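Only one structure is covered here, and it is reproduced in the block below.
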Amino acid sequence: TVNADGSLTVAGVAEAGSTVSVTNPDGTTENVVAGEDGSYTITTPANQPSGDVVVVATDAAGNVSAETT
């Protein structure tokens with residue numbers, strides 16, 4: 001979701017306890033840990049340029065998901 005200030009809100013589901021990394025269009029990365037139900041939500045810094053947002057999840061065993069854009 002694109003917010004009024006140009007930030008992006010990214011939400012989804014991953015394995016519970018996984019670290020979800022969101023790479024923003026400006027190249028910065030935000031991390032969040034998926035909750036007990038696997039859900040996560042993260043809001044990027046404001047004024048993101050247009051471009052892809054890349055999401056990757058890493059579980060406790062170190063397994064890395066495929067990139068999602």
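Contact map, segment 23-46: residues that are at positive phi paired with residues that are assigned to a strand (DSSP E or B) and at pLDDT 95 or above, Cβ distance under 8 Å, separation 6+ or inter-chain. Pairs shown: GLY38/VAL13.
The combined condition, being at pLDDT 90 or above and touching an Asp or Glu at 6+ places or on another chain (Cβ under 9 Å), is fulfilled by VAL10.
For segment 11-30, the set of residues classified as within 8 Å of the chain's Cα centre (by Cα), closer than 17 Å to ALA61 by Cα and loosely packed, with under 15 Cβ neighbours inside 10 Å is empty. When residues in segment 29-52 are screened for being over 17 Å from ASP5 (Cβ atoms) and of a type in the set (Ser, Thr, Tyr), 3 of them pass.
Could you grab me the full set of residues in segment 1-58 that are assigned to a strand (DSSP E or B) and either acidic (Asp, Glu) or farther than 18 Å from THR69 by Cα (or both)? Answer for segment 1-58, where residues must be assigned to a strand (DSSP E or B) and either acidic (Asp, Glu) or farther than 18 Å from THR69 by Cα (or both): GLU30, VAL33.
This table checks each residue for (1) surrounded by 11 or more Cβ atoms within 10 Å (Cβ to Cβ); (2) at pLDDT below 95; (3) touching a Cys at 6+ places or on another chain (Cβ under 6 Å).
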| position | (1), (2), (3) |
| --- | --- |
| VAL32 | yes, no, no |
| GLU36 | no, no, no |
| GLY51 | yes, yes, no |
| THR58 | yes, no, no |
| VAL64 | yes, no, no |
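Restricting segment 38-49 to residues that are within 14 Å of the chain's Cα centre (by Cα) and surrounded by fewer than 15 Cβ atoms within 10 Å (Cβ to Cβ), the residue that is nearest to PRO25 (Cα to Cα) is PRO45.
The values are calculated or read from the model by the stated rules, or taken from the named source; none is laboratory data. Everything numeric here is computed off the predicted structure, so don't read it as measured data. Neighbour counts run over all protein chains shown; Cβ positions are idealised from the backbone, glycine included.
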